[in-house]
1. For segment 84-102, enumerate the residues that are farther than 11 Å from residue 193 by Cβ and either aromatic (Phe, Trp, Tyr) or surrounded by 15 or more Cβ atoms within 10 Å (Cβ to Cβ) (or both).
2. Is it fair to say residue 381 is crowded, with 21+ Cβ neighbours inside 10 Å and assigned by TED's automatic domain parsing to the domain that holds residue 258?
3. For segment 266-293, which residues satisfy the criterion of being without any contact (Cβ under 8 Å) to a residue 24 or more places away in the chain and more than 18 Å from residue 206 (Cα to Cα)?
4. Contact list please: Cβ distance under 6 Å, first residue in segment 444-459 and touching a residue at least 60 places away in the same chain (Cβ under 8 Å) and over 13 Å from residue 485 (Cβ atoms), second residue assigned to a loop (DSSP other than H, G, I, E, B) and of a type in the set (Val, Ile, Thr), pairs at least six apart or on different chains.
5. Enumerate the pairs (first residue in segment 490-506 and in contact (Cβ under 8 Å) with a residue 12 or more places away in the chain; second residue anywhere and charged (D, E, K, R) and surrounded by 18 or more Cβ atoms within 10 Å (Cβ to Cβ)) with beta-carbon separation below 7 Å, excluding pairs fewer than 6 apart on the same chain, so at least 6 apart or on different chains.
6. Of the residues 281, 348, which is of a type outside the set (Lys, Arg) and assigned to a strand (DSSP E or B)?
7. Looking only at segment 454-475, decide whether some residue is within 23 Å of residue 230 (Cα to Cα), among the basic types (Lys, Arg) and assigned to a loop (DSSP other than H, G, I, E, B).
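The values are calculated or read from the model by the stated rules, or taken from the named source; none is laboratory data. Everything quoted here is computed from the prediction, not taken from an experiment. For neighbour counting, all protein chains shown are included, and Cβ atoms are generated from backbone atoms with ideal geometry for every residue, glycine included.
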Amino acid sequence: MKRIVLIIACSILLLLTSTWATPIPDTGQTKCYDNTQEISCPQPGEDFYGQDGNYDINTQSYTKLDANGNDLPVEATEWVMVRDDVTGLIWQKDTEPGTYTWQQAIDYCDNLVLGVYSDWHLPTIKELSTLVESSIPYPGPTINIDYFPNTVSSSYWSSTNYPGISYQAWIVNFGDCKVSNLPSNDNRYVRAVRGGQCGSLGNFIDNGDETVTDTDIGLMWQKTTAPRIYTWEGALEYCDTTFAGYNDWRLPNRNELQSIVDYSRYDPAIDPIFNTRTSYYWSSTTDAEYSSDAWLVGFRSGNILSFGKSGSGHYSYVRAVRGGLCGLFGDSDGDTVCNDVDNCIDDYNPFQYDCDDDGEGDICDADTIDPDGDGVDVTCDNCPTISNPNQKDTDGSGIGDACNNAIDADDDEWEDSFDNCPTTPNPNQEDTYPPQGNGIGDACDCEANFDCDQDVDANDVTAFLTDFGRSIYNRPCTNEDPCKGDFSCDGDVDATDVTKFLEDFGRSQYNNPCPVCVIGNWCVY
C-alpha cells in the first residue's frame with residue numbers, strides 16, 4: 001500500500017512539474033572571498049565578482065511542524081518535523097539515536113511512524129544535500145541547528161547507491177560538507193524525510209544554441225564544457241560573459257552544480273545531452289573553513305570536495321549557468337524567464353518571440369500561425385518550413401541557417417565563411433587559447449604542433465622540454481624571450497602546460513591531423 005501511494009504521489013508530482021519548475025535551496029553562503037580571505041562582496045566588473053555570496057538564490061527557509069503536520073511559530077520550543085519551504089520536503093527533526101548500516105537505515109525509515117505519517121523514506125543524495133549550510137565551517141554541524149538542533153557533525157546515509165557497485169552508497173558529512181561514498185556495511189547516522197523521491201526527472205531541453213535548460217529547476221546551462229581549465233578566479237571571469245545572446249551567465253554554486261549530476265550514471269555522471277569532460281568542475285561556493293579553497297563537483301561519479309583556488313596545478317573545468325533568480329515571482333514553465341516578465345508563463349519559450357508585439361508570446365498566442373512548430377509566427381520566422389526556435393542567421397541574410405544552403409562542411413550551424421574552425425564542429429566558436437584569442441577556434445588550434453607538420457610527436461616533445469621548468473623565478477616567459485609550451489600564458493611552463501600538451505600529443509596526418517599551425521608568439525604578455 002505504501003508503494004502504491006508513493007507511485008500515485010509521484011504521478012501527481014510529474015503532472016505538477018510539467019508546468020512548474022521546482023527550485024533548489026541556496027547554499028546559505030552570504031560572505032565573499034578572494035583567493036585567501038574574506039572581502040567585501042565585489043561589484044560587477046570587479047575581481048572575484050559572480051561568486052556565491054553575490055547572489056541570493058532561493059534563500060533557505062524552514063517551518064517547524066507538530067505531530068499532525070501543522071505549522072508552528074518560529075519561537076516554538078517543541079516540534080516534531082521540519083518543512084523545507086523551498087523544496088516542500090518534510091524532515092524528521094531529530095537524528096535517530098545510534099548509527100546504522102545502509103540497509104538498516106533504509107529499513108528504519110521505511111518502517112518509521114512519526115506523528116500521523118508513515119510514508120517516510122531515507123533521502124536521496126540530492127535531497128540530503130539540500131540541508132547543507134555552506135556558510136558554517138568545520139566542525140559544524142553544517143546545518144541550521146535552529147531547526148535541526150541535535151544533528152551530529154558526522155556522516156548521514158542517503159538512499160542512493162554508487163552506480164554499478166551494490167556495496168557502496170552515498171553519504172553527506174555534516175561536519176565538513178563533503179559528499180562521498182562509503183561501504184554499505186559502515187555504520188552512519190540517519191534522518192528520515194517524506195515527500196519527493198520521484199528521482200531526477202531529467203527534463204532537459206537542448207535549445208539548439210549550445211545551451212540546455214533544466215525545466216524542472218529553471219536553470220539554463222552551457223551545453224559543452226569550457227574548452228580549457230581555469231583557476232577559481234579565472235572560472236568566475238570566464239562565466240561573466242555574453243553567450244548565446246544572454247549576458248547574465250555566472251559560475252554555479254555547489255547546489256546548482258550538483259543538481260545536474262546523474263547519480264545513476266558513471267564516467268560521466270551526467271545526462272548525455274551535455275558534452276562533458278569527465279573531471280572536477282568549479283562551483284562559486286567557498287569552503288567556509290578554508291577560505292583559500294572552493295567546492296568542486298566531480299562528474300566522474302558525483303562526489304563533492306574542496307580544492308585550492310590558486311597556485312600551481314590548481315585548475316579545474318567550468319560550466320556556466322544562468323537563471324534561478326526569480327525568487328517569489330517563480331518560473332512556471334522553467335524557461336529561466338521569471339513569471340513577472342514572461343510573455344507566456346505556461347509554455348517553455350526562452351526566446352520570448354512576440355511577432356505582433358501584443359505582449360503575448362507567439363507560442364501561446366491564439367492568433368499565431370506556426371506550421372513548423374518552433375514557437376515563432378510564420379510572419380517573423382526566418383525559416384518557416386523547418387523548425388528553428390533559435391532563429392539563427394549566421395550571415396545576416398534574413399534566411400535562417402536551417403533554410404540557408406550556404407556551405408557548412410562540419411555541420412555545426414556556422415557557414416564556412418564565418419566559421420573560425422570550418423573543418424571541425426565547434427558550434428560555440430570558442431577562441432580562448434591563447435587567452436587573448438588568435439582568430440582560430442579552439443577546436444582547430446593544435447597548440448603543441450611547434451614544428452608545423454600536422455602532427456604532435458617526439459620532435460615536439462623535445463621542443464617542449466627545452467622550456468619546461470621556466471618560471472617567474474627561473475627565466476620567465478616574455479614577449480622578447482617566449483616559451484614553447486606556455487599554453488596558459490602565465491609566464492611559466494609547468495605541470496598545467498604538460499596536461500595541455502598531452503591533449504594534442506599523438507595527433508598525426510592519420511589521427512586527427514592538426515589543421516592549422518600557429519605562427520609567431522603564442523602569448524602576448
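1. Scanning segment 84-102 gives 86, 93, 94, 95, 96, 99, 100, 101, 102.
2. Numbers: crowded, with 21+ Cβ neighbours inside 10 Å: yes; assigned by TED's automatic domain parsing to the domain that holds residue 258: no.
The answer is no for residue 381.
3. So in segment 266-293, the residues without any contact (Cβ under 8 Å) to a residue 24 or more places away in the chain come out as 272, 278, 290, 293.
The answer is 278, 290, 293.
4. Filtered contacts from segment 444-459: 444/424; 444/516.
5. Cβ pairs passing all conditions: 492/470; 492/486; 493/467; 493/470; 493/486; 497/486; 500/447; 504/447.
6. Working: 348 fails: assigned to a strand (DSSP E or B).
Result of the check over 281, 348: 281.
7. yes
Conditions tested, residue by residue: (1) at pLDDT below 85; (2) on the phi > 0 side of the Ramachandran plot.
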{"position": "338", "(1), (2)": "yes, no"}
{"position": "342", "(1), (2)": "no, no"}
{"position": "346", "(1), (2)": "yes, no"}
{"position": "350", "(1), (2)": "yes, no"}
{"position": "356", "(1), (2)": "no, no"}
{"position": "359", "(1), (2)": "no, yes"}
{"position": "369", "(1), (2)": "no, no"}
{"position": "373", "(1), (2)": "yes, yes"}
{"position": "377", "(1), (2)": "no, no"}
